[in-house]
Amino acid sequence: MKKWLSVVVMAALIFAGAAPGVAETAPAKTVMYFWGNGCPHCKEAAPIVDRMIANGVSVEKYEVYDNTQNSDQLVMFFKMHGVPEADWGVPVAFYNGKMFLGLPRIAELENELAE
């Protein structure tokens, strides 16, 4: 019985590796990016976010000054990360369970994703 199971497992591994059209790819990188219309810091962060997108990073953008639903979602994220209300602001990105608040941290995120 053990031999039969080993043969089946080996065959499955061989066929899985030889399956046509199956490409080995890294998991998709998705960043949740929150920004505000008219925010000067967000304007400075825009080229960084654009570079991340150009490098294949999936970025979901959420404008928070004019969109209450997006703003509410951002508040929820700040609370989940234990950020005091006095420190809430944009631009901010969330990736892989981490928060990147402010222009320097978003630049760090770009570098992290490039590695």
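Out of 115, 110, report the one residue that is touching a residue at least 60 places away in the same chain (Cβ under 8 Å) and among the acidic types (Asp, Glu). When all the criteria are applied, what remains is 110.
Scanning segment 59-115 for residues that are among the aliphatic types (A, V, I, L, M), over 22 Å from residue 37 (Cβ atoms) and in contact with a helix residue (DSSP H, G or I) (Cβ under 7 Å, 6 or more places away or on another chain) returns a single hit, 113.
For segment 61-73, indicate whether the set of residues that are surrounded by 10 or more Cβ atoms within 10 Å (Cβ to Cβ) and modelled with pLDDT under 95 is non-empty. Within segment 61-73, none of the residues are surrounded by 10 or more Cβ atoms within 10 Å (Cβ to Cβ) and modelled with pLDDT under 95. Restricting segment 66-115 to residues that are out of contact with any strand residue (DSSP E or B) (no Cβ under 6 Å at 6 or more places or on another chain) and in a strand (DSSP E or B) leaves a set whose member that is farthest from residue 46 (Cα to Cα) is 98.
You will find that of 59, 49, the residue that is assigned to a strand (DSSP E or B) and either closer than 27 Å to residue 114 by Cα or among the aromatic types (Phe, Trp, Tyr) (or both) is 59 and no other.
The values are calculated or read from the model by the stated rules, or taken from the named source; none is laboratory data. Note that the structure is a prediction, hence the values are computed from the model and not measured. Cβ sites come from the backbone with ideal geometry, for glycine too, and all protein chains shown count toward neighbours.
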